[in-house]
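Remarks on the structure that follows.
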Amino acid sequence: MKPVHCLAALPIAAFYSGGWLAEHVGTRLAGLPFLMTWNIVWLLLTSVVMLVMFRFDGSRDAAQRTAQQVASERRDHDGAAS
């Protein structure tokens, strides 16, 4: 497991800590109860966290390099056979 995958725990911890936090805050934000606002914000931030994980994972680059190597090996093999 890569260290960047540890970021996936952040939204989970945020969703579970919202209830405890709402118990102590007890206010309204944007006309909504705090817990609802907290969950909506973290729903959006979860997408940002997943985007950061996707960008810094590196698996995409490794797969692309592997595909390029396979394609070049096929070209080399096809050229040698003819």
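The values are calculated or read from the model by the stated rules, or taken from the named source; none is laboratory data. Because the structure is predicted, anything quoted here is derived from the model rather than measured. Here the Cβ is made from the backbone with ideal geometry for all residues, glycine too, and neighbour counts use every protein chain on show. Calculation scope for accessible area: heavy atoms of the full protein, side chains included, ligands and nucleic acids excluded. Shrake-Rupley method; radii C 1.70, N 1.55, O 1.52, S 1.80 Å.
Taking only pairs six or more apart or across chains, which ones have beta-carbon atoms under 6 Å, a first residue in the range 43-54 that is open to solvent by 90 Å² or more (accessible area, probe 1.4 Å), and a second residue that is modelled with pLDDT of 95 or more?
none
Could you give me the residue pairs with C-beta distances under 6 Å whose first residue belongs to the range 1-12 and is touching a residue at least 60 places away in the same chain (Cβ under 8 Å), whose second residue is hydroxyl-bearing (Ser, Thr, Tyr) and assigned to a helix (DSSP H, G or I) wherever it lies, and which are 6+ apart or on separate chains?
none
When you go through (1) at pLDDT below 90; (2) in contact with a helix residue (DSSP H, G or I) (Cβ under 8 Å, 6 or more places away or on another chain); (3) open to solvent by 60 Å² or more (accessible area, probe 1.4 Å); (4) not polar (S, T, N, Q) one by one for GLY18, which number turns out not to apply?
Unmet condition: (3).
Please verify whether LEU43 is under 20 Å from MET1 (Cβ atoms), modelled with pLDDT of 90 or more and within 27 Å of the chain's Cα centre (by Cα), treating the condition exactly as stated.
Considered against the rule, which asks whether it is under 20 Å from MET1 (Cβ atoms), modelled with pLDDT of 90 or more and within 27 Å of the chain's Cα centre (by Cα), LEU43 comes out as no.
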